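Just below is one structure, and these are the notes that go with it.
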Amino acid sequence: MTGNTNEKTCVVTGASRGIGAEIARDLARDGADTVVNYRSSEGEALDVVESIEAEGNNAIAVQADVTDKKEVEEMSDIVQDRFGPADVLVNNAGITVDRTFKNMTREDWDRVVNVNLGGVFNCTKAFYDDIKQAPEGRLINISSVVGQQGNYGQANYATTKSGLFGFTRTLALELANSGSTVNCVAPGFTRTDMLADVDEEIQGKIRNRIPLDRFADVDDISGVVRFLASEESSYMTGQILGINGGMEW
Ligand code: NAP
């Protein structure tokens, strides 16, 4: 892959673990100054930064709970001080709180909505002007195949992940006159802590529905995000890219 995020500043939310950590490593490998955001896993975030620096690239870890507007604004000030304005924001931070709708409480609903959509609102607000003014601005939202298909026990999560489709298409229109693009990646089931939390029997049932007959690895997802962050994708905007082993199209 070409080094075409070279000298860009890329912010990845929820990058201490899982998909976000690999996206951060991949963008840094392309030469970007990379911001590894996390909520509570400081040690893991610092490990991600260390692995990026070991490859000769620049990264910083910045703590901010994406649901907290003030912390997110402070993060954007830190990014500005250390690396200058952001070119790329990857809205990756996300959680699940799974229950059938019958058993789902309003608190279960709100927790997921607050992170998966409220966090996207806060982070996009904080970096909107940077992305609009960047020569090759990129907003990349991480949704899920569950946003496309729904999933038993995930009414809250599926709703937030479908919500990102409308958000992506609308922001694509609103940012188009600046040349900045907005796209969405919808991963299938991917080997991270989030998948490890799913009961093994259910994992087996999911696996049977994947034509490519394997769960995704984090680098299956990060490679596509790296492409969307690059100049090579400059005529793509408002798109939803499924990376799901053939589960959905
Ligand atoms: P994960 O392994 O559970 O990691 C979640 C990351 O999000 C962690 O870095 C965590 O930080 C961070 N985070 C959670 N709440 C946060 C908050 N309030 N503020 C800031 N950071 C927060 O998850 P993953 O599987 O990599 O998922 C990443 C994204 O991909 C999510 O949006 C998820 O919905 C989506 N996705 C995942 C799958 C899958 O099968 N794994 C499939 C489709 C889509 P801390 O460690 O500090 O808590």
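Spin-label pair Leu195-Asp77: with each label point 7 Å from Cα along the Cα-Cβ axis, the two points sit 4.0 nm from one another.
Taking the helices alone, the chain has a mean residue ellipticity at 222 nm of -14000 deg cm²/dmol, built from -39,500 (n - 2.57) per DSSP H run of at least 4 residues and averaged over all its residues.
Apply the a/c threshold of 1.5 to the C-alpha gyration tensor of segment 1-101 and tell me whether it is rounded, prolate or oblate. Prolate, because a/c is 1.5 or more and a/b exceeds b/c.
For every other residue with a beta carbon closer than 14 angstrom to the beta carbon of Ile243, add +1 if it is Lys or Arg and -1 if Asp or Glu, then tell me the sum. That sum, taken over residues with Cβ under 14 Å, equals -2. Annotation for segment 208-240 versus segment 17-57: alpha-carbon center distance of 18 Å. For Asp98, no residue has an amide H sitting under 5 Å from its own, ignoring neighbours fewer than 5 places away on the same chain, with H placed 1.01 Å from N. Equivalent-ellipsoid semi-axes for segment 90-225 (Cα gyration tensor, √(5λ), whole Å, largest first): 28, 18, 11. Computed over the alpha carbons of the chain, Rg followed by Dmax gives 17.0, 51 Å. Projected label points at Arg106 and Glu53, each 7 Å from Cα along the beta carbon direction, are separated by 4.7 nanometres.
Overall, the chain carries a charge dipole of about 980 debye about its Cα centre when +1 sits on the Cβ of Lys and Arg and -1 on the Cβ of Asp and Glu, all other atoms neutral. Extension gain for Ser178 to Asp217 (0.36 nm times residue separation, less C-alpha to C-alpha distance): 10.6 nm. Remark: spin-label model distance Lys69-Asn208 equals 4.8 nm, labels positioned 7 Å along the Cα→Cβ axis. A straight Cα-to-Cα reach below 25 Å connects Lys102 with the lysines Lys161, Lys205, residues fewer than 8 places away in its own chain not being considered. Peptide packing: for 34-45, 207-218, 226-237, 167-178, the average count of neighbouring Cβ atoms within 10 Å per residue gives the ranking 34-45, 226-237, 167-178, 207-218, highest mean first.
A short reminder: the numbers here are calculations on the coordinates, not readings from a lab. Since we're looking at a predicted model, the values are computed, not measured. When we count neighbours, we look across all protein chains shown, and the Cβ atoms used for this are built from the backbone with ideal geometry, even at glycine.
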